[in-house]
Every structure is written in structure tokens, then in C-alpha cells.
Amino acid sequence: MDLVKRRAALDQAMEARGDWPERSGWLREAVAEVPRDLFAPDRLWRWDGRAYVPVDRRSDPEGWADELYAGPDEAAVTQVTGGLPSSSLSAPGVVVDMLDSLKLEPGHRVWDIGGGQGWNAALAARRAGPGRVVSTEIDGALAGFARERLAAAGLDVAVLTADATTTGPGGGPVDRVIATYAVERVPWTWVEACRPGGRIVHPWGRLGHVALTVAEDGCSATGRVQGLGRFMADRTRPLPPAAGPAGYTTVRGRGPAETERIVDRDLAPLEADWDLRFALRVAVPDALITTGRDEDGTNAWIHDGHRSWASFSAVGDGTAALHQGGERRIGDELLTAWAQWERLGRPEPYDYGITVTPQRQWAWLNSPDGGPRWPIHEAG
């Protein structure tokens, strides 16, 4: 296992793809100085097609390194709880992209939320300086691990065991906040902790990450989508409903559909157009969509994780049979949002942003000051 070669291969792969941001040249140097293997536990986890299985550094050093340095877009699962990943070393490309979005400068005071193994805090500390980064981790064991690894790397970072949705970093306002787990709604604690004009970078639901700027009066924060990617969920919230066929079957049950009709809509874009999927996620945030193909075309199964469901069955002539049931007509909601997205000119994810206030939060398109808006709820 030659970790030096693995690090160099990752560096070159990111260079070849243009992943090293020009405005944040410090990031490439920081990744080289505090590589991710310094913050990786001796046991990682690999998906074998059926379950997550352990990959131990001692018994399988090459396999361990393969998981850790799988590529710019690949996270390394570091903890599994109840058969599902509960912590990871995020994909290098995503880590770099988010820190670039943070616009971090020397001397900034930084609150790193969801510290995990400490790698993100380490990179931030290389830029901000000694004693300028406070990392919060809700899992005491992870916080202890991060504290040890940061100290071993010679980095002066405070690591707190706390719930960042309710507890701030202390010590006065920070200049930058960066979270590494996904939230539907931004805890107001994060905005309160950040000085006016400061920046908050966080993963937004199952969509990607957003960079918010706190208003000069401290009463709101707003900003655009900066990058795409999937992140660990907020541990303080209930587990999200199961996606895929199992979740759909549970919600639908065995009863007949309450409504049925033919819709003039080819569902192929629902499977392949990620701009559309993003827009639908914004407009109908609790709609969990699964697609599949047969000889008649693309089919889709949708549910809200509770009581409402819909299925679109391709007929073979560019139309589909829509069956629905439950408290709401979630299939119709999806079609309405799809038609709206087309009327709006098929916007891309980077055309969207969000605004946060103490009382409410909403997503917007193109401009925070006008145009379409969608309320942000705590999706299940």
C-alpha cells in the first residue's frame, strides 16, 4: 500500500478534471499537507451489492486504500449504524468545492459543523490559522477521534461534542460556517452565530450545497446553489422515508387506486434529466421518485413516505396511465411542477437559491427579490 502514490494519483485526477479552484489555490496545498488518510479510521465500509461490509487496514491494506482513494467523487464510509452509513470522509471533489464556496481567508473564525473525523476542520485550519476553527460533532466517539487526529497533525482546533442545531460554537460571532451534513431547513442557530456579511455553506437536503451570506442587519441569510452532491442526513431529525420499491409498496398498501387516468406525458426525462429532477425536488420536496423501464417506456413510482402515492405506467405511445391514492394527489403535484419548470425555460440547479429568516425559509429562482418562490418545509 503506497499512500504517497495514492495521494498523487488523486491530485492528478482532480487536476485533469479542473477540480482545483483557481480562486482558492491554498486548497491544493492544504490537501497535500493534511491528506485524508491521516483522518481515516482503520476500518472503512464497502457496499458489496447487498450490505456494507468492513474493510480493515491491517487485514486488507490495499482494499482499505482503494476505498479511501477511490476517486474525486467517492466518499469513504467510516461508520455504519443499523446497516446504513452514518459518517464518512466526504468525496475529495465535494470537500474542495465546498471550501472554495466558503471564501475562507487567513484570520477568519470558522465554525465547522458535523466534524466527523476532522479532515474538513484540518483543511480549514490550514487556511484560517491556529485557534481559529471550532468543530462541532454530535457523536462523542467521533469527536474524540477527530480531536486526537487533529492534535497528531499539529493543528490547533477546538472540537466540541454538541448538537449544532441548538448549540453554537461560543466565543462570539464567527466569520464562516460550514456544515457537512444535509439539512432541509437551516437552523437559525447557524445564522445567529455568524457575523453580518459572513458566509454559511451547507448541504441542502438531497440537492447539493448552498452558500448563504448573512444580511447586514443579521435578520436573514440568502444565497445560491454552488454545487451538487449527496450528503449524510441530519442525525437530530427522524430518519427519511425509505425510497425505492420497498418504500412505495409500504405507503401504497394493497388497496385499489382512488383515481386513474391517461396523461399525455413521456416519462423518459424523469429518469434522465437531472435539471428536471432538481426542480421537482424543490417544488415537491417530499416526493420520493423511483423510475424503471420496460418495453413500453419509462415508468415511475412516487410516494411521500406517509399516506400518498402515485404510479405512472407507460402505455407505449408516449402516454402513461396515472394511478393515485392517499390524502393528496402527489402525481398531479408532480405534473404541475414539471409543467411549471418547462414554462420557466427549464432552469438549471445553479439558477436556484434559498433565503432564511427566523420565521420562514423559501427557495427562489434567478433572484431572491422576485420571481417564483417555494416554501421550504421539513421534508420527511
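Here are some notes:
- Of the residues Arg176, Arg185, Arg206, the single one that is under 21 Å from the mean Cα position of the chain (by Cα), farther than 26 Å from Pro72 by Cα and among the basic types (Lys, Arg) is Arg185.
- Residues (in a strand (DSSP E or B), modelled with pLDDT of 95 or more and buried (at least 21 other Cβ atoms within 10 Å of the Cβ)) located in segment 183-198: Cys194, Gly198
- All positions within segment 333-380 that are more than 20 Å from Arg224 (Cβ to Cβ) and in contact with a strand residue (DSSP E or B) (Cβ under 7 Å, 6 or more places away or on another chain): Leu334, Leu335
- Just one of the numbered conditions (1) touching a residue at least 24 places away in the same chain (Cβ under 8 Å); (2) closer than 30 Å to Asp351 by Cβ is not true of Ala272: (1).
- Scanning segment 199-226 for residues that are under 15 Å from Asp175 (Cα atoms) and assigned to a strand (DSSP E or B) gives Arg199, Ile200, Val201, His202, Ala211, Leu212, Thr213, Val214, Ala221.
- Among the residues examined, Ile330 qualifies as of a type in the set (Val, Ile, Thr), in the same structural domain as Leu267 (by TED's automatic domain parsing) and buried (at least 18 other Cβ atoms within 10 Å of the Cβ).
- Selection over segment 115-137 of residues that are in a loop (DSSP other than H, G, I, E, B) and either of a type in the set (A, V, I, L, M, F, W, C) or within 24 Å of Val53 (Cα to Cα) (or both) gives a count of 4.
- Matching option when the condition is surrounded by 15 or more Cβ atoms within 10 Å (Cβ to Cβ), in contact (Cβ under 8 Å) with a residue 12 or more places away in the chain and among the charged types (D, E, K, R), among Asp56, Asp37, Asp60, Asp42: Asp37
- Residue that is surrounded by the fewest Cβ atoms within 10 Å (Cβ to Cβ), among those in segment 316-327 that are closer than 19 Å to Pro256 by Cβ and not acidic (Asp, Glu): Ala321
The values are calculated or read from the model by the stated rules, or taken from the named source; none is laboratory data. Everything numeric here is computed off the predicted structure, so don't read it as measured data. So basically every Cβ, Gly included, is an ideal-geometry build from the backbone, and we count neighbours across all protein chains shown.
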